[in-house]
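In what follows, a structure is listed as structure tokens, so that the remarks can point back to it.
The values are calculated or read from the model by the stated rules, or taken from the named source; none is laboratory data. Just so it is clear, the model here is predicted, and its values are computed rather than measured. Cβ atoms come from the backbone with ideal geometry, glycine included; neighbour counts cover every protein chain shown. Side chains are part of the model used for accessible areas, which takes the heavy atoms of the whole protein and leaves out ligands, DNA and RNA. Shrake-Rupley method; radii C 1.70, N 1.55, O 1.52, S 1.80 Å.
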Amino acid sequence: MSEIYFVRHGQASFGSSNYDQLSETGHLQSRLLGAYFREREMHFDHILTGNMVRHRETAEGICEGMGLGSRAFEYYDELNEFDFHAILAAYAAQFPEEKLPEKPAVSDFFKRLRKGIVLWSRAELEGELPETWSNFEARVKRVKEDIMQRFAGQKVLAVSSGGAIAMLVRQLLDAPCETMVELNLQTRNTALIQCVFNSRSMRLSTFNAVPHLDALEHRSLITYT
């Protein structure tokens, strides 16, 4: 059976000068996920990642937890996150009365991001953006189809981001654009999204599972950034 586990990266460095790196919690989440795979004797024929630092660090942590040595990853630009900083900036410019406070809480960030993504999906977000919604849709569809054609009969791990994974799930469910927004904002760090596939189709099996963080002593490690 062809099977793929998409993993959202570990907790990134929200609120720091460089979001695109794992926090200490993010590194621990990644190692715990690798340990979960090791304990269940799960092996992967290929490990794919986007080319963001937080993707690579998550994949490295998973490999460390699995007890693997240095491993070459296959990089896909299509697995990268959309530019949510640009979405927020465009939204703030269009609605200056809703500009983020100087020291925003996570809820402030999510509230404005949700509104901005919805406008982006409707082509109603003003300003120059690095990527259109339709281009974002197309690249996620492209990587899905490439996986289906290249990895028949294999087990694959793919480290990506919440937005790209949410777009993939939206496409698999043939759901409206607003569904992507809700899925994106509830996807947990290092959550597993399991799919089965063949050369013609891909089907969703599980979404947003964190079995490696289910133990009582690890539940404080469940995060969304």
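Compute the length gained on full extension between Gln186 and Glu24: take 0.36 nm times their separation in residues and subtract their Cα-Cα distance, giving the result in nm to one decimal.
Stretched fully, the Gln186-Glu24 segment lengthens by 56.2 nm.
Between helix 24-39 and the chain, what is the angle of the helix's C-alpha long axis to the longest principal axis, kept within 0 to 90° and rounded to the nearest 10?
Tilt of helix 24-39: around 30 degrees.
Quick check: the distance between the Cα centres of region 160-191 and region 113-146, to the nearest angstrom?
Measuring centre to centre over Cα atoms gives 12 Å.
Using the Karplus curve 6.51 cos²θ - 1.76 cosθ + 1.60 with θ = phi - 60°, what ³J(HN,Hα) values do you get for each residue of region 201-210, in whole Hz, with x for Gly and Pro?
Ordered by residue, 3J(HN,Hα) equals 7, 10, 10, 7, 9, 9, 9, 6, 7, 10 Hz.
First measure r as the distance between the Cβ atoms of Ser17 and Glu39, then evaluate 1/(1 + (r/R0)^6) with R0 = 35 Å and state the FRET efficiency to the nearest 0.05.
It comes out at approximately 0.45.
From the mean inverse distance of alpha carbon pairs (Kirkwood) and the Cα radius of gyration, derive Rg over Rh for region 92-194.
Answer for region 92-194: 1.02.
Suppose all protein chains stay in the model; what accessible area per residue would a 1.4 Å probe give for the chain, in Å²?
On the way: 10610 Å² over 225 residues.
Value returned for the chain: 47 Å² of accessible area per residue.
Under 25 Å Cα to Cα from Lys103, which lysines show up? Leave out anything in the same chain fewer than 8 places away.
Straight-line reach from Lys103, under 25 Å: Lys111, Lys115.
Can you give the extra length, in nm with one decimal, that the chain gains between Arg203 and Arg219 once fully stretched, where that is 0.36 nm per residue apart less the Cα-Cα distance?
Answer, rounded to one decimal: 2.9 nm.
Any chance you could run the full-extension gain for Ala105 through Arg142? It's 0.36 nm times the residue separation minus the Cα-Cα distance, nm to one decimal.
Gain in length upon complete extension: 9.8 nm.
When the Kirkwood radius is taken over all Cα pairs of the chain, what Stokes-Einstein diffusion coefficient follows at 37 °C and 0.692 mPa s, in µm²/s?
Estimated via Stokes-Einstein, D reaches 184 µm²/s.
With all protein chains present, how much of the accessible area of the chain (probe radius 1.4 Å) comes from carbon and sulfur, to the nearest whole percent?
About 48 percent, which is the carbon plus sulfur part of the accessible surface.
Can you give the relative contact order of the chain as a percent, counting alpha carbon pairs under 8 Å and 6+ residues apart?
Reported as a whole number, the value is 31 percent.
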